[in-house]
C-alpha cells in the first residue's frame, strides 16, 4: 500500500523535477500528453486561476449548510487538488525551454504595469505555489478525519487561506502584497481559533495583536516607499531605486527597513518570534501544518524584495539590510535550537522546528550570493514539507498517550508539561516489566504504533538533516555552498564558518531533542492502548514523507533547478524587463491610453 | 498645515503604541485602532499636501500630478481602512471570548502577581 501511494505520488512531483519527464507513452498517454501540452500553452492565461479557484470555492462553500459537511469536505478537497494541479502546471510552464528566466506576467485589469496591478510568475513563485498547494491538500485531507467538524466555516476559511498564500506568491506589487497578506492573516486568525478553548483564545489574542501591529508597519513602510519613488510596483521600484536622489535615500531605506520588520515578524526572526510557538502549538492540527507555510511567505517576500530592490545594480542601495538578515537569522537559528532542546510536547517541538528552518533560510539568504541562495532553495522544499508532516504527526503522538476525547481540544497546559508522568515514576531494576509483571522484551508492538514510529523516524531524519532523506541533501548543499564561496581575498569568511558551525550544531541538537521525544513516546514503559490510526490521518503524513523521498531521489534535478532559480533571482533585470514589457490585450479604447513609462506623471509629485 | 498633520500623526501613533503596551485587552484594542488612524493619515500625507487641487481629471489641465491630488494614496487608505475595521471587529470578538474564558481582561488571561 505504501509502495503504491509512493508511486502514485511520483507522477505530479516528477514534473516538478523534469519538464514533461513523466509523460506516459501509450496511445491514451499520447492523448494525455497533447492535453498537457495545450494546458501548458494556456498556462500564462491560467495565472489568475490560483486566486479565483479558492475564492469561488469559498463562496460556494459559504452557501452550503454546515450540516452537509461530507459535501463540503469533498468540494474543498477537490478545489485543493485542482489548486495543486494548477500549481504543478505553472511550475512546468516556467521549466519549459532552456532559458532559466521564464517569466509569466498577467495584467488582471488589462492596464500596463506599473499603472495596473500585475501578477508575476517565475520559478521561485511557482515552487512556492506547488509547496503551498501540496501542504494545503495534505492538511485538508487530514482534517477530513474530524477537525472540519470542530467548528463553523472551517472549509471556507481554509480556501481563503489558500487564496491568500497563492496571492502573496504571485503578486507583483507591494500594495496587493499587503492585501493578500491580510487575506491570508484573516483566514489564519479564524483557523487558529478553530475549535476554540482557552489556550487557543489566549494565544490567538497575542497572535492577532502582533499581526495587526505588523500590518501597521507594513503600511507605513509601503507609504514611505511610495512617497519617495512614486510607485509600488516591485519591478518598476527596482528600476527606479538606482535613480533616487541622495537626499531621499535615507528615507527610502527607512521605509524598506520598516517594511522588512513586518516580514521579519511573519518569518519569525528573533526577537520577533515569541508569539509563534504557543500559537502554532495550540492551533488545530491541520491549521498549524498550513501555518508552517506562513513563515515561508515571510521568507519568500524577503528573498524576492532583497534580490529585486537591493541587487548589485541598485547603486548606493545595493545589499541594504543583508547583514541584519544574516545576524538575525543566526540568532533565530540559535533560539530555535535551544527551544527544541527545551520543548516537551511534540507540537511545541514542531513550532521550534519552524523557527530553526526559517532562521537557517534567512541567514543563507542574507549572505546574498547566488550559490548560497541556491543551497537555501534546495533546503527550503524538504524542510517545509517535513515540518508540516511533523505537525500532523504531533497530534497523533499526543493522542496516542491520551485516548480521552477531551484531548481533541487544545491542551490546557501552556506550561509544556512532560507528556507522561515519567519523572514521578520509580524506575527500578526490572523496568522491562509491564504492570502485570510480564516481560516487555520480545512482545510485538501494535501495528499502528509501528507505523507512527516509522513516520516519526522519517520526520526526525528530515528535520535533523541526516542521510538518507532530503534534509541531508539540503544541509549538504548549504554547507558545501558556504565553503565554496570565498571572499575577494580567497579565504572563506568567518561569518560563513560560524553559520556552518551553527547549522551543524543545530542539526545535532534537533536529533537529541527528537530522539528524546521519540523514546518517551515509543519506548517508555507506560501502559497505554494502541492508538487508532485512520487512513485519512496517516495518508497525508505518508504522502508528505514520500514527497521528501522523491526530492531525495531527484536530488540532482532539484539542485539544478535551485541553481537556475538563484541565478535568475540575483540578475533581476530580466524580471524587470518582463514586467514592464508586458503589453495589455488590445481593446476598443486601448489607443487612447498614455504610455506609462514615457509619461511625466510617474516621475512622482516632486 | 504640515506641522498640524505631523503633530496629529505623532500624537495618534504615540498614544497608540503606549496603549498597545498596556496589560488590559481593551487598552490594546484602542491602541491598535489609534495606531491604525495614525498610519492612515500618514499614508494620505505621502501623496503630498496640497490645497485646492483637482481631485478628478478636469478638461484643460495638463495631466501631471502637480495639478491634481495624488489619487493613489487615497485608494490605498480606503483599502487600509476597510481591512483595519474588519480586523478590529474580529479582535473585539476574541477579546470577549478571552473575557468569557478567563473572567478578567488581562492580555495573558491572569493577573500579574503583585
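We did not get these values from a lab; they are worked out from the coordinates using the rules stated. Not measured: the values here are computed from a predicted model. Cβ: placed from backbone, ideal geometry, glycine included. Neighbour counts: every protein chain shown.
In this rough spin-label picture, where each label sits 7 Å from Cα along the Cβ direction, the residue B:92-residue A:480 distance is 5.8 nm. Put a dot 7 Å past the Cα of residue A:62, heading toward its Cβ, do the same for residue A:38, and the two dots end up 3.4 nm apart.
Can you give the calculated 222 nm mean residue ellipticity of chain B, where each DSSP H run of n ≥ 4 adds -39,500 (n - 2.57) and the sum is split over every residue, rounded to the nearest 500 deg cm²/dmol?
On the way: 3 runs with 72 residues, N = 114.
Rounded to the nearest 500, it is -22500 deg cm²/dmol.
Rounded to the nearest 10 degrees, the angle from helix B:25-45 to the longest Cα principal axis of chain B is 10 degrees.
Pull out a ≥ b ≥ c, the square roots of the eigenvalues of the alpha-carbon gyration tensor of the range B:2-102, then state rounded if a/c is under 1.5, prolate if not and a/b is larger than b/c, and oblate in the remaining case.
Note, shape of the range B:2-102 comes out oblate.
Peptide B:88-100 shows a mean partner chain C-beta count of 4 within 10 Å per residue C-beta.
The smallest convex shape that holds all Cα atoms of the protein assembly as shown, its convex hull, gives 187 Å³ per residue. Sorting the segments A:124-135, A:63-74, A:331-342 by their residues' average number of neighbouring beta-carbon atoms within 10 angstrom, most packed first, yields A:124-135, A:331-342, A:63-74. Taking each residue as 0.36 nm, the span from residue A:74 to residue A:45 lengthens on full extension beyond its C-alpha to C-alpha distance by 7.8 nm. The GNM of chain B, with springs linking C-alpha atoms under 10 angstrom apart, assigns the highest mean-square fluctuation among B:103, B:84, B:31 to B:103. Pop the C-beta distance of residue A:504 and residue A:316 into the FRET formula with R0 = 30 Å and round what comes out to the nearest 0.05. Computed FRET efficiency for residue A:504 and residue A:316 comes out at 0.25. The relative contact order of chain B comes to 24 percent, based on Cα pairs under 8 Å that sit 6 or more residues apart. Between residue B:22 and residue A:146, the simple label model (points 7 Å from Cα in the Cβ direction) yields a spacing of 4.3 nm. Can you give me the angle between helix B:2-20 and the longest principal axis of chain B, using Cα atoms only, in degrees from 0 to 90, rounded to the nearest 10? Its long axis makes an angle of about 20 degrees. Here the peptides A:210-217, A:78-85, A:320-327 are ranked by packing, the mean other Cβ count within 10 Å, and the order with the highest first is A:210-217, A:78-85, A:320-327.
Across peptide A:252-262, the average count of Cβ atoms from other chains found within 10 Å of a residue's Cβ is 0. Ordering A:136-149, B:5-18 by mean Cβ neighbour count within 10 Å, with the highest value first, yields A:136-149, B:5-18.
For chain B, the longest principal axis of the alpha carbon atoms and the long axis of helix B:71-102 meet at an angle near 10°.
With a 10 Å cut-off around each Cβ of B:39-48, the average count of Cβ atoms from other chains is 5.
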